[in-house]
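The values are calculated or read from the model by the stated rules, or taken from the named source; none is laboratory data. Everything numeric here is computed off the predicted structure, so don't read it as measured data. Cβ sites come from the backbone with ideal geometry, for glycine too, and all protein chains shown count toward neighbours.
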Amino acid sequence: MGFLIDSRMRKFLDTIHLPVVDAYRTCFTILVAVALLAIVICILGWSSWNRVLHIRQMTANENQPAIRERIKEVLVRLWKVKGLIPGMFFQTLSLGMLLPNMLPYATNKLGLSEAQYSILLLIGGIVVIAFMIPVGQLADRRGPRAFLVAGFLLAAISLFIMVTYGNSRNIWWIVGFVGLSYALIQPAWNALLAGSIPPGQRGVLMGLFMSVEGLGFAVGPLVGGFLGTLSSRDLGLLGGTGLVAPFYISSICLTLMAVVYIFYPFRHYQTED
């Protein structure tokens with residue numbers, strides 16, 4: 001969409017009466033309609049379930065343990081997998097720091113247009129799509145450790161090279177390697193989380209884990225936006241301007257995570273199921 005808006009297709013959008021403002025309004029209207037439809041479906045499903053007496057009785061018999069016992073089981077399991085929580089936070093924190101600085105870096109430092117920036121995102125997404133399923137299959141066979149370590153190292157090196165040696169000519173290749181690193185990390189990480197949670201607790205624990213990841217996404221742009229406003233005098237050893245600081249710090253965080261996962265006892269967290 002960004003490519004269409006910033007390229008010559010903008011005139012085409014105008015000729016068919018789809019200017020940018022109307023497109024955003026239309027998307028927002030569709031989003032609100034889908035949200036309302038989702039709420040209605042949930043209400044109908046809940047009311048239908050309440051009307052079926054034998055299903056309620058059967059479910060009540062299966063869920064015989066008291067709520068306090070179930071909460072205790074969840075807390076016990078959460079304590080066993082507590083070592084995964086920092087990784088969840090710092091992964092999304094590292095990515096979140098880049099979000100407010102990617103477009104300014106591409107346009108101000110690399111001299112790319114916004115249309116070219118949209119193509120960069122498209123290239124990274126294509127690489128992710130191409131490698132996500134094969135990496136997931138290999139992670140199921142050989143375990144997540146090698147893919148997590150390789151993915152975090154590749155991401156850290158790619159970001160470091162991007163801000164140190166990146167230019168308008170080689171940035172296309174670098175973004176491809178960033179996409180490859182994401183494809184290495186995400187399937188292996190999801191497999192690790194799924195294998196560390198018993199089936200009966202996956203809903204609540206995955207909700208908690210995603211809340212931690214969401215916290216990283218919330219704090220990351222705040223930190224990255226602040227770093228992006230700093231001057232070269234404020235940065236000291238990092239050098240350059242504030243636009244490069246989030247990339248360096250994100251690269252350091254990803255490198256530390258790769259080192260940690262080399263020695264991380266993954267088998268300790270896997271459930272018997």
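What to note about this one:
- Residue in the stretch 110-125 that is β-branched (Val, Ile, Thr), under 18 Å from the mean Cα position of the chain (by Cα) and either within 16 Å of Ile174 (Cβ to Cβ) or outside the structural domain of Thr255 (by TED's automatic domain parsing) (or both) present: yes
- With respect to the conditions (1) closer than 27 Å to Pro246 by Cα; (2) in contact (Cβ under 8 Å) with a residue 60 or more places away in the chain, Ser181 falls short on a single one, namely (2).
- Check on Pro198, closer than 18 Å to Leu84 by Cα and crowded, with 22+ Cβ neighbours inside 10 Å: no
- Across the stretch 13-20, a minimum of one residue is classified as at pLDDT below 80, hydroxyl-bearing (Ser, Thr, Tyr) and farther than 24 Å from Gln201 by Cα.
- Any hit, the stretch 85-99, residues being part of a loop (DSSP other than H, G, I, E, B), surrounded by fewer than 18 Cβ atoms within 10 Å (Cβ to Cβ) and aliphatic (A, V, I, L, M): no
- Residue satisfying all of: in the stretch 130-149; in contact (Cβ under 8 Å) with a residue 60 or more places away in the chain and either in a helix (DSSP H, G or I) or not assigned by TED's automatic domain parsing to the domain that holds Ile252 (or both); nearest to the chain's Cα centre (by Cα) among these: Leu148
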